[in-house]
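Here's the structure, in structure tokens; my notes come after.
The values are calculated or read from the model by the stated rules, or taken from the named source; none is laboratory data. Small disclaimer: the values here were computed from a predicted structure and weren't measured. No Cβ is skipped: glycine too gets one built from the backbone with ideal geometry, and neighbour counts run over all protein chains shown. Side chains are part of the model used for accessible areas, which takes the heavy atoms of the whole protein and leaves out ligands, DNA and RNA. Shrake-Rupley method; radii C 1.70, N 1.55, O 1.52, S 1.80 Å.
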Amino acid sequence: MLEALLGPAPPRTTAFKDFPASWFLFTLAGCLSMAVMAGYVNALALAGIYHTGLTHMTGVTTNSALRVIIPAAGATPFHDFLWWVLSFLCGAMFVGLIMGPARFRFGGLQGLCLAVESASLYGAWHFSGTTLGAACIAFSMGVQNSITSNFSAMVIRSSHVTGTLVDIGLTFGQCLRAREWHNANTWKLKVHVPMYIAFWLGALLGAWIYSMHLHHALFVPCIFIGCCALTTFAYVLYVRFYQRQPEYLGSADYEDIPLIKQANKKT
């Protein structure tokens with residue numbers, strides 16, 4: 001179905017910059033939506049739920065070190081920060097376990113990871129204001145960042161913008177040095193500038209909705225990501241049963257998972 005709309009899909013080993021224009025825009029649109037949600041969630045975490053950013057681990061890691069040397073009464077303790085770092089790491093490990101190496105396959109594995117992210121965001125709402133709620137946010141962002149990184153062969157980080165700004169500045173500097181605006185890296189501006197804007201707009205939206213609904217604003221990314229997961233599953237079912245391609249979600253996907261490989265060997 002997607003091939004009919006966008007043309008032949010690029011091979012899995014194709015670099016993101018070499019995608020056909022239609023697939024490049026399709027993939028970028030998905031990553032932009034994830035960046036909006038990450039900016040949104042980070043704004044909620046900073047605005048009042050936890051008073052710290054949880055979509056990236058730079059500040060969390062720094063605060064954990066500060067609590068070791070400068071413990072403060074009433075402040076978030078060291079073990080909470082450590083718990084959040086490990087949660088983010090576990091989210092990334094989960095995607096690595098399920099999806100395996102970098103691949104461009106729009107299918108059930110992405111849907112499964114998105115469904116887990118949505119469930120984690122629901123947990124963040126349910127346990128809002130607690131250490132476990134913050135851990136759920138960190139886990140969901142570890143999942144999301146890994147999905148977009150894996151899907152775009154490590155070019156796109158959707159849950160933070162530090163590397164995005166570095167790439168924008170680096171590319172502009174290279175263009176100024178060469179005195180030309182077309183070189184091997186200028187294509188990155190088509191990715192990173194929109195990604196930065198999307199994250200900022202997501203933070204703006206998150207702050208606005210938080211001001212009206214407080215922690216219940218977490219329902220927005222939970223529902224949005226959940227709808228993305230359901231859409232992915234619906235697409236896979238359409239391809240398998242309507243277009244009669246039962247292998248679409250078969251050996252090319254799930255049998256790549258080590259646990260399933262082991263189960264198949266035993267049978």
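General observations
- The number of residues in the range 163-200 being closer than 23 Å to Ser149 by Cα and of a type outside the set (A, V, I, L, M, F, W, C) comes to 12.
- Residues in the range 13-44 that are open to solvent by 30 Å² or more (accessible area, probe 1.4 Å) and either in contact with a helix residue (DSSP H, G or I) (Cβ under 7 Å, 6 or more places away or on another chain) or closer than 19 Å to His215 by Cβ (or both): Lys17, Ser22, Phe26, Leu32, Val36.
- Of the residues examined, Val85 is not one that is more than 21 Å from Val143 (Cα to Cα), assigned to a helix (DSSP H, G or I) and either without any contact (Cβ under 8 Å) to a residue 60 or more places away in the chain or of a type in the set (A, V, I, L, M) (or both).
- Any hit, the range 198-214, residues being open to solvent by 70 Å² or more (accessible area, probe 1.4 Å) and outside any helix (DSSP H, G or I): no
- Residue count for the range 54-79, restricted to those that are surrounded by fewer than 20 Cβ atoms within 10 Å (Cβ to Cβ) and within 25 Å of Ala217 (Cα to Cα): 4
- Single residue of the range 89-105 satisfying the filter (part of a loop (DSSP other than H, G, I, E, B) and open to solvent by 30 Å² or more (accessible area, probe 1.4 Å)) that is modelled with the highest pLDDT: Pro101
- Total residues in the range 170-185, condition at pLDDT below 80 and in contact with a helix residue (DSSP H, G or I) (Cβ under 6 Å, 6 or more places away or on another chain): 2
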